[in-house]
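To start, the structure itself, in structure tokens.
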Amino acid sequence: MKGTKYLSDAIHMNDIYSGMLNIVTAPVGCGKTYWALNVLSKTVSRPYKMVYLIDTVNGKEQLLKHPNTQFYNRDWCETVLNGEVWFGEAYNANRIVMTYAKFGVLAQKYSDFGKSFEVILCDEIHNLPRFSSFISHNPHDTPYHKIAKQRLEEIVTNTNVKVIGLSATPIRAVCEMKCKSRFVKVDDNVRQFETDKRFTYTNLEMLLPSLGLAERGLVYIGHVRQMKEFEEKAKKRGIKAISIWSVNNQDHPMTEEQRRVRDYILTNAALPPEYDMFIVNASSETSINIFGDLDYIVIHNQEEETQIQVRGRYRDDLDSLYVLNYDCVPYVPAEFMGVKLFTEDKKRLCEALSLRQDDGKKKAWPSTKEALIEDGYTITEGRQNCKRFAIITR
């Protein structure tokens, strides 16, 4: 852990204005949830005058585990729309939490929804324009994230509501939200968790032997099919692995055991002890918190935004972080070193290293050979029985 101040002490509250999107860069470990629920919430005249927006269902469910938070309901909505308390201060003790998608649903239904708040907190704000750009294959789907984005832009531009965007990676929001924005000053010595060792790799399967059987880790993979494949390979190595994805995935419904593990993580903010490897995707990329002992995190994605967000799920200093980088040259496995590599052997090596060209295609032997030489390997070539071979040494 570096830094000494929590966000509550490091943020300059006087820098938060209406008429613009107030961006707060909140690094991992700074205490943003405490600040939002216990400090920012006290700046409104009545609790129903503030709403906490979150990007994912997982994040929403874990946030609702906090005291003084509550899910959206119809009575609360009527209170907001009418601008008065009808229920004897029934909601004075609770902070309403909802997803951006639910905000979009209400914005579509009510033309003025959102405009009577005093504060709207947008957690993981970078995901709002990201999700808004997704194109559904179902023409009947309503683009609720896009509707939410447009309503928030309108609120920033035309009302006195203070709209605050929280993110450890806010650049996408600054560039893609169509409204004025500014960064709220946060002191440099704000607390944040550290990572001891950072490694790069190009081939997920080749990385697997590097993950100790006695270690516990989190693995991020974007696609469910690849998650399942990697889980099976991990199990064959003797690793107790399980995959968790969205409860709303109709093409790949989770088993009861997967749902149990998911509920355990969201309820306890920790990983259940009976497993050693937890494979997740974008449904757990942001918002959720994980405490306890964790030895490594693997992030099978090259985007810096995703890498920062996934690392942020673990709420402590981390020993080892493995990130995908097709531009790096990983070590050559021992089985390919110092032996004659013929055509089929070279193909297997290229597949194992998975070096990529600019267009994303895997490099063939000539380009792989060039990359290895640039990285310090020595390659000796020759012929045997009219067949060309190469020998790699270090």
Q: Kindly list, by first and then second residue, each pair from a residue in segment 1-29 that is within 27 Å of ARG151 (Cβ to Cβ) to a residue that is hydroxyl-bearing (Ser, Thr, Tyr) and crowded, with 21+ Cβ neighbours inside 10 Å, limited to pairs with Cβ atoms under 8 Å and residues at least 6 apart or on different chains.
A: ILE23/SER167; VAL24/SER167; THR25/SER167; ALA26/SER167
(Q) Filter segment 350-359 down to the residues that are open to solvent by less than 50 Å² (accessible area, probe 1.4 Å) and in contact (Cβ under 8 Å) with a residue 24 or more places away in the chain and list them by number. (A) ALA352, LEU353, SER354, LEU355
Q: Report whether or not THR306 is outside any strand (DSSP E or B) and within 22 Å of TYR34 (Cα to Cα).
A: no
Q) Does segment 171-227 hold any residues that are of a type in the set (Lys, Arg), part of a helix (DSSP H, G or I) and either open to solvent by less than 80 Å² (accessible area, probe 1.4 Å) or touching a Leu at 6+ places or on another chain (Cβ under 9 Å) (or both), and which are they? A) ARG172
Q: For segment 212-255, name all the residues that are at pLDDT 95 or above and hydroxyl-bearing (Ser, Thr, Tyr).
A: TYR220, SER243, THR255
Q. Do we have PHE117 as among the aromatic types (Phe, Trp, Tyr), closer than 28 Å to ILE288 by Cα and touching a Ser or Thr at 6+ places or on another chain (Cβ under 9 Å) here?
A. yes
**Q.** From the options TYR91, TYR48, residue that is assigned to a helix (DSSP H, G or I) and at pLDDT below 85
**A.** TYR48
Q) If you take the residues in segment 360-377 that are under 30 Å from GLN309 (Cα atoms) and in contact with a Leu (Cβ under 8 Å, 6 or more places away or on another chain), which one is surrounded by the fewest Cβ atoms within 10 Å (Cβ to Cβ)? A) LYS362
Q) Quick check, is SER210 among the polar types (S, T, N, Q), closer than 27 Å to ARG130 by Cβ and over 21 Å from the mean Cα position of the chain (by Cα)? A) no
Q. Pairs under 7 Å by beta carbon, first residue within 26 Å of LYS236 (Cβ to Cβ) and among the acidic types (Asp, Glu) in segment 188-212, partner surrounded by 12 or more Cβ atoms within 10 Å (Cβ to Cβ) and modelled with pLDDT of 90 or more, six or more apart or different chains?
A. GLU205/LYS233
Q: List every residue pair whose Cβ atoms sit under 8 Å apart, with the two residues 6 or more apart in sequence or on different chains, where the first one lies in segment 377-394 and is at negative phi and without any contact (Cβ under 8 Å) to a residue 24 or more places away in the chain and the second, anywhere, is open to solvent by 70 Å² or more (accessible area, probe 1.4 Å) and aliphatic (A, V, I, L, M).
A: ILE379/ILE373
Q: Return the total of residues in segment 118-146 being touching a residue at least 60 places away in the same chain (Cβ under 8 Å), within 14 Å of THR99 (Cβ to Cβ) and either in a helix (DSSP H, G or I) or β-branched (Val, Ile, Thr) (or both).
A: 5
Q | Some residue of segment 65-83 being open to solvent by 40 Å² or more (accessible area, probe 1.4 Å), modelled with pLDDT of 90 or more and not aromatic (Phe, Trp, Tyr) | A | no
(Q) I'm told LYS347 meets every condition in (1) open to solvent by less than 50 Å² (accessible area, probe 1.4 Å); (2) free of Cβ contacts under 8 Å to residues at least 40 places away in the same chain except one. Can you identify the failing condition by its number? (A) (1)
**Q.** The listed residue being in contact (Cβ under 8 Å) with a residue 24 or more places away in the chain and under 16 Å from the mean Cα position of the chain (by Cα), out of LEU341, LEU321
**A.** LEU321
(Q) Let me spell it out: the conditions are (1) open to solvent by 40 Å² or more (accessible area, probe 1.4 Å); (2) among the aliphatic types (A, V, I, L, M); (3) within 14 Å of GLY165 (Cα to Cα), and VAL39 meets all of them except one. Which number is the exception? (A) (3)
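Yes/no matrix, rows are residues, columns are (1) within 16 Å of ARG225 (Cα to Cα); (2) open to solvent by 30 Å² or more (accessible area, probe 1.4 Å); (3) polar (S, T, N, Q):
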{"site": "SER246", "(1), (2), (3)": "yes, yes, yes"}
{"site": "GLN250", "(1), (2), (3)": "yes, yes, yes"}
{"site": "MET254", "(1), (2), (3)": "yes, no, no"}
{"site": "GLN258", "(1), (2), (3)": "yes, no, yes"}
{"site": "ILE265", "(1), (2), (3)": "no, no, no"}
{"site": "LEU271", "(1), (2), (3)": "no, no, no"}
{"site": "GLU274", "(1), (2), (3)": "no, yes, no"}
{"site": "PHE278", "(1), (2), (3)": "yes, no, no"}
(Q) Conditions first: (1) under 22 Å from the mean Cα position of the chain (by Cα); (2) in contact (Cβ under 8 Å) with a residue 60 or more places away in the chain; (3) not in a loop (DSSP other than H, G, I, E, B). THR157 passes all but one, so which condition is the exception? (A) (1)
(Q) Condition first: open to solvent by less than 30 Å² (accessible area, probe 1.4 Å), modelled with pLDDT of 90 or more and either part of a loop (DSSP other than H, G, I, E, B) or in contact with a His (Cβ under 6 Å, 6 or more places away or on another chain) (or both). Now tell me which residues in segment 314-344 satisfy that. (A) LEU324
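The values are calculated or read from the model by the stated rules, or taken from the named source; none is laboratory data. From a predicted model like this one, the values you see are computed outputs, not experimental measurements. No Cβ is skipped: glycine too gets one built from the backbone with ideal geometry, and neighbour counts run over all protein chains shown. Heavy atoms of the whole protein, side chains included, go into the accessibility calculation; ligands, DNA and RNA do not. Shrake-Rupley method; radii C 1.70, N 1.55, O 1.52, S 1.80 Å.
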